[in-house]
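Let me begin by presenting the structure, written as structure tokens, before commenting on it.
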Amino acid sequence: MAESAAGQGPSKLPRELGKGSSGWSSSLRWLLGHPIWAFVVIVFIFFSLMTDDFFSLGNFQNILVQTSTLGLIALGMTLVMINGNIDLSVGAVVALAASLTVDIMGWPVFESWGNLQILPAVVAGLGAGVLLGALNGLIVWKTGVDAFIVTLGAMLGVRGLVFVYTGEQSFFAMNFAYADFGASSFLGLPTLAWVFLVFTVLVHIVLSRTVHGANTYAVGDNREAAVNAGIRVGPHMMINFMIVGFFAALAGITLSTQMGASTPNLGRDYELWVITATVLGGTKLTGGAGNIIGTFGGVLAIGILRNGMNLMQVPAFYVLVILGAILIAVLFLDKQLNRQGEEGLRL
Amino acid sequence: MSDVKPALRLEGIVKTFPGVRALDGVDFEVRPGEVHALMGENGAGKSTLMKVLAGMYQPNEGQILIEDRPTIMANPIEAKHNGVILIHQELSLAEQLTVAENIFLGELPRSRLGFVDWKILDDRVGTILQKLNCDFGPRTKVGKLSIAKKQMVEIARALTHEGRVVVFDEPTASLTDAEKVVLFDVINELKADGVGIVYISHRMEEIFTISDRITVLRDGTYRGTLTTAETDEDEVTQLMIGRSLDYSRNESSGEFGDLVLEVAGLSCGKLFEDVSFNVRAGEVVGFYGLVGAGRTEIAETLFGLREPTAGSIRLNSSDVSIASPAEAIANGISLVPESRKEQGLVLGMNCRDNITLPQVGDMTAGPFVSNGAEVAIYDMYRDRLDIKAPTWRSLVGNLSGGNQQKIVIGKWLAMKPRLLIVDEPTRGIDVGSKAEIHNLIRELARSGYAVIVISSEMPEILRVSDRVIAMYQGRITREFTAAEVNEDNLVQAISGISGDEAAA
Amino acid sequence: MSSIAQKLTGGDLKGLVARNGIFIAFIAAMIAFGIGSDKFLSFDNLESVVRSSAMIGVMALGVTVVVISGNLDLSVGSMLSFGTVMVVDLHDKIGPGPAILVMMACVLALGAFNGFLIGFVRLNSLIVTLGMLSAIQGLTLIYSGGKNVDIDPSTQDTTWFRVFGRGDIAGVDMPIIIFFGLALIVGMIVAFTPYGRRIYAVGGNSTAAVFSGIRRRRVVFSTYLVSSFCVGVAAIILGSRVMGSQNNVGQGYELLVLAAVILGGTSLLGGSGSILKTVIGVLILGFIQNGLLLLGYPYFAQWIVTWIVIILAVWLDVAAKRGRLLSSIS
């Protein structure tokens, strides 16, 4: 009985609030489906009023480039988390891909290749990410060990690999075209912003329109049902781990093009930031719920907050406190909004 | 009939798991257009057999013949394509997805590039839903549907393929009587279309209403096939457990002790309203009604899990307010909850620790739990309830359903309550253990406990109760003594039909 | 003797390996390192391994209690930074005794806040403590103004505060005594008291625990107090040993601590595990690090080995519970 009521809880609110004129009601309902965007609008207006430097095209481009790193990983993390899994190793993969790419393009073998030497390096970097994702996925599939533990191990192990591989050294990109790419623009937008936006749209389409996307929700929502229906859950989850591995590697590469270098400590704590952004965007840790529009909002919220507070010259540490507070507040609000369903059983 | 080619035949199926021979040479056949019931106690191998049928397990020996053609089904999708469709016992649905996505889960129609082809999906699902007279559309989210409607979604899966054989595994477990009628209509329609139906259920009355033949399994072996029209419950039971059962009604003595519980005008929001009743020492009061009638909620309120909005509770002639289970326990109330695995037991704990859990704070020697006292309590209730567990160290999760239920009952008896509430005491328990638990409840009442039994099974209520309280939509409709009550007036009372209306 | 052997083996060898895989791996690793390096098994080396593991170990004790009750605590790393910075900073200002008291009170308040949100408001522990990880890191920086703190060099050798990190009793280093002493106390509480039983019940099945009259909210709340108390103790050891602190000294410790707990064999699902297992997990982490260094591998090679050991340990555990090695997920 409690179960049947629980399902009705969340749906009530939008319907009741949506009784006004149709244009307003549909946008209101949309906002309630993605509460993070309301927050994005609020902080956007707030910083536009509070500081002169915020509201400018140049700054918006900045924000997009700054968020692109976290944002790319968050795209993949959304898939993995909707699956009911998690990937804590993304930060380490960022460092590995960046170090590999920057190092390999300097190998003597490719010396005569000119700018083409970047190509095998990038392929190797991305390949390493996909491979590590596949390894995580394979272990989760074949051993049945919780993804949290598997990727926690990988987080340590891959970081260890990075330190051993680099000998704890930073690498610098000898090919200047690499660093130029990170600073380049295309049709008036920074190239890195384009990369982020294009992949956002792409993953959104995959998740909302394709069979793989529908299966992603099904597996996270009710794994037993997915198995019963004949979905090959193990390989399916592995693919999503490979996707998040790809995006973590891509983020590492774009980050190193911005710096023209890689450091072995690159991407530390990224897993926590990415999970924060994804959860802010409405993805449930228990799986089965979430979407890319929300995740994009979550990433932007963090990006605008960091950027705006930086412009207001608020010390960086307040951002940490505010971010933690927002994360808990969002969780608290979500709990309150969905509460009616419990019918007051005191557990 | 006998020369009809069977739609599906299983021959000598053997399925072993490490250390267990779950199926041992089982034969089974379904003819087109018949309902073939499959019965057996829990652990007899019904579910394993069905999983073999649905391609979820591969048999070690034996073969599956579909229309006399040996077939190997490597996974559920292949089974579906061969026309074998399994409707799961536990609702096997993804709540966040739409009805259409759920029905075609695992084989959503694709257009190019792996996109879902919504047009085809909506068309096909729309047709199926129409056929089933469903009042919801393909794009409705499953999470918003009632349990019965979810069951219809599950059934709709049976119609996505040209089914030869449809297997229903305990389909009525969560359905109300009215919804059962719809289900039986669907089954009869499928039957008329020449589909073979396998019907698994513990409930005898259903089996005898719907089935044409009955096959019985025991301990993974085939015990025989009976024609429903030519057999009776006793014969089926004998095949299932190897002996007959006592189905006698409770003979009420009519002599009870003091009033233990008096409830007056108790309400809890819309869950139940203005409920008044009392229970005496030595008496069993049965609560009967449809799922959602508010019976479990009353128990939860008495046990401090819900806050009443009105009314009073008196225990042993003094008013009490109960704000938590801890306070309910202090007041001498025990609740054996509805769901053994979710509410009753910590499955990863051993038998002893589960039984002593509510009183572990009182069983100390110095700051530590007294091992001796705990084992003494376990031994006492193991003997009294005849709990079959290797040692007290065995994890409760490894015991059979019947023994698990006895652990829960033992846990609450050990609290020496004045009032014992038992919610669905035999749900999911096989026939043999059921009778044992019924006898136990009678015995407890005889030894002076005041007992409330909540059940959705009429035979159970009739069997154990001294008094029956019927509920309909959160209100008490009628109270019967054991002498007054019979199946007809009880069904009327719980359907909201008053005696006059029924007569007119 | 034979009865002990029987109890350990439970009759069959396969069960023995599966159930006690972590012990066997531990012993095998000790033997391998012992053969590979003659310094490894010397008393001095063993003592230094345990000493350097003590701080992670103390934190792991509290986290184990939280994990048994079915929750997570990712805020312990930030909390360690906070506690260490605070106790070191206050040492010169108000003296070591008051500094310890004030720091403990603040750390316990943070733990209580975690416990309130997770126990009473019933929010998801992973996200709450993730938020707290970030917030406490910020609080630490705000408190210190972004500067590292030190105890006045002239008093470093004279203050009694030095005893926690640098003292010894009968030749045994103080951090080791604190670690094992606290492990004994927490271990006894968890294994043998009614409170401990309730923690297992809540972690095993919180609904059933409530239906058994256990006050679930209070139990969960209290586990976070235990966890933050342990972090406070770790902060005292660290502050006393280093006589100073960086703002981010505890960064990343939350996951390292969790790795030790998992390595010991405590399941993240809750309801199982023990303090003894965690102590072993902590020691394994320490010995892997030390052993590899003695064998001449680079420092970070230990992380790679830890990765492999964690997966193997948990896989064995899962497989033992399921009764077979390959999962049924397909």
**OP:** Being in a helix (DSSP H, G or I) and touching a His at 6+ places or on another chain (Cβ under 8 Å) narrows it down to one of C:232, C:187, C:131, C:239, so name that one.
**Re:** C:239
Subject >> Restricting the range A:105-126 to residues that are more than 19 Å from the chain's Cα centre (by Cα) and in contact (Cβ under 8 Å) with a residue 24 or more places away in the chain, the residue that is nearest to the other protein chains (Cβ to nearest Cβ) >> reply: A:124
Original post:
Do you know which residues across the range B:304-353 are at pLDDT below 90, polar (S, T, N, Q) and within 30 Å of residue B:391 (Cβ to Cβ)?
Top reply: B:339
Subject >> Flag if residue B:293 is within 14 Å of chain C (Cβ to nearest Cβ), modelled with pLDDT under 95 and closer than 20 Å to residue B:465 by Cα >> reply: no
Subject >> Residues that are more than 24 Å from residue C:206 (Cα to Cα) and either at pLDDT 95 or above or more than 7 Å from chain A (Cβ to nearest Cβ) (or both), drawn from the range C:111-138 >> reply: C:136
Original post:
Applying the selection to the range B:129-143, what residues are buried (at least 16 other Cβ atoms within 10 Å of the Cβ) and within 18 Å of residue A:214 (Cβ to Cβ)?
Top reply: B:138, B:140, B:141, B:142, B:143
Original post:
What about residue C:321, is it assigned to a helix (DSSP H, G or I), of a type outside the set (A, V, I, L, M, F, W, C) and modelled with pLDDT under 85?
Top reply: yes
Original post:
Which condition number does residue C:174 fail, the rest of (1) under 30 Å from residue C:44 (Cα atoms); (2) in contact with a Lys or Arg (Cβ under 8 Å, 6 or more places away or on another chain); (3) facing chain B (nearest Cβ under 8 Å) being met?
Top reply: (3)
Original post:
Of all the helices (runs of 4 or more DSSP H) wholly in the range A:1-89, which have at least 2 residues that are modelled with pLDDT of 80 or more and surrounded by 14 or more Cβ atoms within 10 Å (Cβ to Cβ)?
Top reply: A:35-50, A:57-82
**OP:** Run down A:267, A:245 and say which single residue is crowded, with 22+ Cβ neighbours inside 10 Å, part of a loop (DSSP other than H, G, I, E, B) and in contact with a helix residue (DSSP H, G or I) (Cβ under 8 Å, 6 or more places away or on another chain).
**Re:** A:267
Original post:
In the range B:97-114, how many residues are surrounded by fewer than 21 Cβ atoms within 10 Å (Cβ to Cβ) and more than 10 Å from chain A (Cβ to nearest Cβ)?
Top reply: 1
Original post:
Can you tell me which residue in the range B:144-164 is surrounded by the most Cβ atoms within 10 Å (Cβ to Cβ), limited to those that are touching a residue at least 60 places away in the same chain (Cβ under 8 Å) and over 24 Å from the mean Cα position of the chain (by Cα)?
Top reply: B:163
Original post:
Taking the range A:325-337 only, how many residues are within 14 Å of residue C:124 (Cα to Cα) and facing chain C (nearest Cβ under 8 Å)?
Top reply: 5
**OP:** Could you identify the single residue in B:417, B:390 that is out of contact with any Ser or Thr (no Cβ under 8 Å at 6 or more places or on another chain), over 30 Å from residue B:204 (Cβ atoms) and part of a loop (DSSP other than H, G, I, E, B)?
**Re:** B:390
Original post:
Looking at A:295, A:283, which is the one that is touching a residue at least 60 places away in the same chain (Cβ under 8 Å), buried (at least 18 other Cβ atoms within 10 Å of the Cβ) and more than 13 Å from chain C (Cβ to nearest Cβ)?
Top reply: A:295
**OP:** Scan the range B:52-96 for residues that are free of Cβ contacts under 8 Å to residues at least 12 places away in the same chain and either touching an Asp or Glu at 6+ places or on another chain (Cβ under 6 Å) or buried (at least 22 other Cβ atoms within 10 Å of the Cβ) (or both) and report the count.
**Re:** 0
**OP:** Taking only the range B:329-384 into account, find how many residues are of a type outside the set (A, V, I, L, M, F, W, C) and in a helix (DSSP H, G or I).
**Re:** 22
**OP:** Please go through the range C:198-209 and pick out each residue that is buried (at least 24 other Cβ atoms within 10 Å of the Cβ) and in contact with a helix residue (DSSP H, G or I) (Cβ under 8 Å, 6 or more places away or on another chain).
**Re:** C:199, C:200, C:201, C:202, C:203, C:205, C:208, C:209
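This table checks each residue for (1) in a strand (DSSP E or B); (2) more than 23 Å from the chain's Cα centre (by Cα); (3) facing chain C (nearest Cβ under 8 Å).
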position: A:134; (1), (2), (3): no, no, no
position: A:142; (1), (2), (3): no, yes, yes
position: A:154; (1), (2), (3): no, no, yes
position: A:180; (1), (2), (3): no, yes, no
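Here is a yes/no grid of residues against (1) within 13 Å of chain A (Cβ to nearest Cβ); (2) at pLDDT below 85; (3) surrounded by fewer than 23 Cβ atoms within 10 Å (Cβ to Cβ); (4) assigned to a helix (DSSP H, G or I):
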residue	(1), (2), (3), (4)
C:250	yes, no, no, no
C:259	yes, no, no, yes
C:285	yes, no, no, yes
C:297	yes, no, yes, no
C:328	yes, yes, yes, no
**OP:** For residue B:362, state whether it is without any contact (Cβ under 8 Å) to a residue 40 or more places away in the chain, among the acidic types (Asp, Glu) and closer than 17 Å to residue C:213 by Cα.
**Re:** yes
**OP:** May I ask you to verify whether residue B:491 is β-branched (Val, Ile, Thr) and either at pLDDT 85 or above or under 17 Å from the mean Cα position of the chain (by Cα) (or both)?
**Re:** no
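Okay, residues lined up against (1) more than 8 Å from every other protein chain (Cβ to nearest Cβ); (2) acidic (Asp, Glu):
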| site | (1), (2) |
| --- | --- |
| B:288 | yes, no |
| B:297 | no, yes |
| B:311 | yes, no |
| B:316 | yes, no |
| B:340 | yes, no |
| B:343 | no, no |
| B:350 | yes, no |
| B:364 | no, no |
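The values are calculated or read from the model by the stated rules, or taken from the named source; none is laboratory data. Keep in mind it's a predicted model, so treat the numbers as computed, not measured. No Cβ is skipped: glycine too gets one built from the backbone with ideal geometry, and neighbour counts run over all protein chains shown.
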